[in-house]
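Enquirer: First the structure, then my questions, so here it is.
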Amino acid sequence: MSSKPVVQLQDVTRIFDKGIGVMHVDLEVEAGTCLALIGPNGAGKTTTLRLVMGMLKADSGVIRTLGTDPRTHAIAVKEKIGYVSEDTTMPLGLRPCDRVSFFESLYPTWDQGLAEQYADQLELPLDREMGRMSHGQRRQVALLGAIVHRPRLLVLD
């Protein structure tokens with residue numbers, strides 16, 4: 001018995017005003033798979049991930065994320081994805097506990113007990129302002145926000 005792939009791109013192309021983002025991409029990712037997109041800057045890695053999450057619209061081709069079109073079913077798809085952007089920035093005056101509270105309000109499957117467990121394991125100072133945390137600690141806070149709602153798909157850019 002085979003299951004539907006969690007990500008499926010068929011002949012996907014996205015062109016920007018300044019050039020090609022991705023051209024004729026075919027990709028299928030099965031559940032439980034860890035996939036790394038590796039290439040030089042400008043190769044289309046982030047564009048591909050943003051297409052998968054429905055943040056960008058393809059100029060042509062078919063995209064299915066968790067079995068559905070991520071553009072027409074944006075909320076349902078995004079609720080099931082954990083995402084850490086390459087350029088995740090957080091207000092430096094914000095505390096991790098504030099960010100956790102914000103994410104808790106967005107995801108019906110948020111697990112506050114798991115958030116506390118991970119924060120303890122990572123020794124994250126939840127009441128310290130982000131500006132007083134190391135870059136690594138800020139990345140851990142972003143990761144915590146991406147995984148505690150138990151996503152079906154985790155995207156790390």
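The values are calculated or read from the model by the stated rules, or taken from the named source; none is laboratory data. Fair warning: this is a prediction, and the values are worked out from it, not measured in the lab. Quick reminder, even Gly has a Cβ in these numbers, built from the backbone with ideal geometry, and neighbours come from all protein chains shown. The protein model used for the area step is the full one, side chains on, heavy atoms only, and it has no ligands, DNA or RNA in it. Shrake-Rupley method; radii C 1.70, N 1.55, O 1.52, S 1.80 Å.
Enquirer: Here are some residues: Leu56, Leu49, Leu124, Leu114. Which one is farther than 22 Å from Leu153 by Cα, outside any strand (DSSP E or B) and touching a residue at least 24 places away in the same chain (Cβ under 8 Å)?
Expert: Leu124
Enquirer: Every residue in the range 35-56 that is within 14 Å of Ile20 (Cα to Cα) and in contact with a strand residue (DSSP E or B) (Cβ under 8 Å, 6 or more places away or on another chain), please.
Expert: Result: Gly44, Thr47, Thr48, Leu51, Leu56.
Enquirer: Residues in the range 13-42 that are farther than 22 Å from Lys80 by Cα, assigned to a strand (DSSP E or B) and aliphatic (A, V, I, L, M): how many?
Expert: Residues meeting the conditions: 5.
Enquirer: Which of the residues that make up the range 134-143 are open to solvent by less than 10 Å² (accessible area, probe 1.4 Å) and out of contact with any Leu (no Cβ under 8 Å at 6 or more places or on another chain)?
Expert: The initial filter retains those residues of the range 134-143 that are open to solvent by less than 10 Å² (accessible area, probe 1.4 Å), namely 141-142.
The answer is Ala142, and nothing else.
Enquirer: Check off (1) among the aromatic types (Phe, Trp, Tyr); (2) over 30 Å from Gly21 (Cα atoms); (3) open to solvent by less than 80 Å² (accessible area, probe 1.4 Å) for Phe102 and give me the number that stays unchecked.
Expert: (3)
Enquirer: Among the numbered criteria (1) touching a Gly at 6+ places or on another chain (Cβ under 8 Å); (2) buried (at least 18 other Cβ atoms within 10 Å of the Cβ); (3) more than 30 Å from Met130 (Cβ to Cβ), which one does Pro70 miss?
Expert: Among (1) touching a Gly at 6+ places or on another chain (Cβ under 8 Å); (2) buried (at least 18 other Cβ atoms within 10 Å of the Cβ); (3) more than 30 Å from Met130 (Cβ to Cβ), the lone unmet condition for Pro70 is (3).
Enquirer: Can you tell me which residues in the range 28-46 are within 15 Å of Pro151 (Cα to Cα) and β-branched (Val, Ile, Thr)?
Expert: Of everything in the range 28-46, just one residue is within 15 Å of Pro151 (Cα to Cα) and β-branched (Val, Ile, Thr), namely Thr33.
Enquirer: I would also like to ask the following. Mind checking which residues of the range 102-111 are hydrophobic (A, V, I, L, M, F, W, C) and assigned to a helix (DSSP H, G or I)? Can you show your working first?
Expert: Filtering the range 102-111 for residues hydrophobic (A, V, I, L, M, F, W, C) gives 102-103, 106, 110.
Phe102, Phe103, Leu106, listed by residue number.
Enquirer: All but one of (1) in contact with a Leu (Cβ under 8 Å, 6 or more places away or on another chain); (2) more than 18 Å from Lys78 (Cβ to Cβ); (3) of a type in the set (Gly, Ala, Ser) hold for Ala146; which doesn't?
Expert: (2)
Enquirer: How many residues does the range 64-101 hold that are in a helix (DSSP H, G or I) and not hydrophobic (A, V, I, L, M, F, W, C)?
Expert: 5
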